[in-house]
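Student: Just passing along the structure, written as structure tokens.
The values are calculated or read from the model by the stated rules, or taken from the named source; none is laboratory data. Nothing here was measured: the structure is a model prediction, and the numbers come from that model. Glycine gets a Cβ as well: all are built from the backbone with ideal geometry, and neighbour counts include every protein chain shown. Keep in mind that these areas ignore ligands, DNA and RNA; they rest on the heavy atoms of the full protein, side chains included. Shrake-Rupley method; radii C 1.70, N 1.55, O 1.52, S 1.80 Å.
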Amino acid sequence: ARNYYLTQGLQYQHERWGIDANMSLAARDGDDLVTRDDGMMSGGESGHTAMDLGLGDVFVRANYTLAWQRNGWPNVTLRALTKIPAASASRGLGTGELDAGVFLSLARFAYNFYFSTEVGYLWLGDPSGTEYQDPVSYAIGVGHAFVNGRLGLLVLYNGTSKIFPDYEAPRQLGMGVNWRSSNRLWLFTNLAAGLSETVPDLSFSLGVSTAL
């Protein structure tokens, strides 16, 4: 299956806490189970093999910084993520069910290197006739900043425990590059390879972010 998304989002950040929401226009031309890189479901088995186009799900995320990096200790952040079902389950663009997750992440920046790790737990809504196992998620990332911090490179390995009893646990390896062209404008791109059958073999994204 091939999946395409045109995503728009808004984010608000205030010192220790922040919130953001995004939704997509989604297109899909296959009938395979698909998981996102955070472990939530983005597509299901619909019986359709032709191209389908429609609205994607809405994702709302909130984060709160429990501790700042200092005296050798990392940033500690608590994050919550909810998927509000807006995509058509009958056309395989979504599951039609609510998903939610909580995550705890540690991150440290030193000598232009960035290190991060995250662990989480997800509650996945079960579509009619399907039962998902609620998984534990994990992620490990290493990055480096160049050009006085304007250019960033990040390598990330992430996955979850088993969601489907008959399929491998989702796993993915990706690389991201971001460029701060000004104090208000960032460009970014990501390339990832799936390491199990429930994750896309190859995914690519390109985007722009601007401060209002």
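Student: Within the stretch 171-212, work out how many residues are of a type in the set (D, E, K, R) and open to solvent by 80 Å² or more (accessible area, probe 1.4 Å). First the steps, then the outcome.
Tutor: Applying the first criterion (of a type in the set (D, E, K, R)) to the stretch 171-212 yields 171, 180, 184, 197, 201.
If we keep only those that are open to solvent by 80 Å² or more (accessible area, probe 1.4 Å) as well, we get 184, 197, 201.
Of the residues in that region, 3 qualify.
Student: A follow-up question, please. Can you tell me which of Gly143, Gly149 is surrounded by 14 or more Cβ atoms within 10 Å (Cβ to Cβ) and of a type outside the set (A, V, I, L, M)?
Tutor: Only one candidate passes the filter, namely Gly143.
Student: Can Ala80 be described as within 18 Å of the chain's Cα centre (by Cα), touching a residue at least 24 places away in the same chain (Cβ under 8 Å) and surrounded by fewer than 18 Cβ atoms within 10 Å (Cβ to Cβ)?
Tutor: Values: within 18 Å of the chain's Cα centre (by Cα): yes; touching a residue at least 24 places away in the same chain (Cβ under 8 Å): no; surrounded by fewer than 18 Cβ atoms within 10 Å (Cβ to Cβ): yes.
The answer is no for Ala80.
Student: Can you name every residue in the stretch 162-211 that is modelled with pLDDT of 90 or more, closer than 18 Å to Val147 by Cα and out of contact with any Phe, Trp or Tyr (no Cβ under 6 Å at 6 or more places or on another chain)?
Tutor: Gly176, Val177, Trp179, Ser181, Ser182, Arg184, Leu185, Trp186, Phe188, Thr189
Student: Is there a residue in the stretch 121-130 that is in a strand (DSSP E or B) and open to solvent by 70 Å² or more (accessible area, probe 1.4 Å)?
Tutor: Among the residues of the stretch 121-130, at least one is in a strand (DSSP E or B) and open to solvent by 70 Å² or more (accessible area, probe 1.4 Å), which makes the answer yes.
Student: Taking the stretch 100-118 as the region of interest, how many residues are open to solvent by 70 Å² or more (accessible area, probe 1.4 Å), hydrophobic (A, V, I, L, M, F, W, C) and without any contact (Cβ under 8 Å) to a residue 12 or more places away in the chain?
Tutor: Number satisfying all stated conditions: 0.
Student: Filter the stretch 131-154 for residues that are at pLDDT 95 or above and among the β-branched types (Val, Ile, Thr) and give the result.
Tutor: Val136, Ile140, Val142
Student: Let me ask another. Those residues that are part of a strand (DSSP E or B) and not β-branched (Val, Ile, Thr), I need them from the stretch 50-62; list them, please.
Tutor: If the condition is that a residue be part of a strand (DSSP E or B) and not β-branched (Val, Ile, Thr), then Asp52, Leu53, Gly54, Leu55, Gly56, Asp57, Phe59, Arg61, Ala62 are the ones that fit.
Student: Given the conditions (1) at pLDDT 85 or above; (2) not in a strand (DSSP E or B), and given that Arg91 satisfies all but one, which numbered condition is not satisfied?
Tutor: Here Arg91 meets the rest and fails (1).
Student: A follow-up question, please. Among the residues of the stretch 16-31, write down those that are at pLDDT below 90 and open to solvent by 80 Å² or more (accessible area, probe 1.4 Å).
Tutor: Here is the first cut: in the stretch 16-31, the residues at pLDDT below 90 are 26-31.
Within the stretch 16-31, no residue meets the criteria.
Student: For residues in the stretch 152-170 being β-branched (Val, Ile, Thr) and within 21 Å of Asn190 (Cα to Cα), which is most open to solvent (accessible area, probe 1.4 Å)?
Tutor: If we filter the stretch 152-170 for residues that are β-branched (Val, Ile, Thr), which is where we start, we get 155, 160, 163.
Filter once more, keeping what is within 21 Å of Asn190 (Cα to Cα): 155, 160.
Details: Val155: 67, Thr160: 5 Å².
The qualifying residue most open to solvent (accessible area, probe 1.4 Å) is Val155.
Student: Tally the residues that are assigned to a strand (DSSP E or B) and either in contact with a Cys (Cβ under 7 Å, 6 or more places away or on another chain) or under 22 Å from Tyr114 (Cβ atoms) (or both), restricting the search to the stretch 177-203.
Tutor: Residues meeting the conditions: 14.
Student: If a residue has to be assigned to a strand (DSSP E or B) and in contact with a Lys or Arg (Cβ under 7 Å, 6 or more places away or on another chain) to count, how many in the stretch 63-74 make the cut?
Tutor: 3
Student: Hey, can you tell me all the residues within the stretch 161-175 that are closer than 14 Å to Thr35 by Cβ and over 12 Å from the mean Cα position of the chain (by Cα)?
Tutor: Ser161, Lys162, Ile163, Phe164, Tyr167, Glu168, Ala169, Pro170, Arg171
Student: Taking the condition polar (S, T, N, Q) and in a loop (DSSP other than H, G, I, E, B), does Thr82 pass?
Tutor: no
Student: Quick one: would you say Ile140 is in contact with a Phe, Trp or Tyr (Cβ under 8 Å, 6 or more places away or on another chain), assigned to a loop (DSSP other than H, G, I, E, B) and of a type in the set (Val, Ile, Thr)?
Tutor: Against the criterion (in contact with a Phe, Trp or Tyr (Cβ under 8 Å, 6 or more places away or on another chain), assigned to a loop (DSSP other than H, G, I, E, B) and of a type in the set (Val, Ile, Thr)), Ile140 does not qualify.
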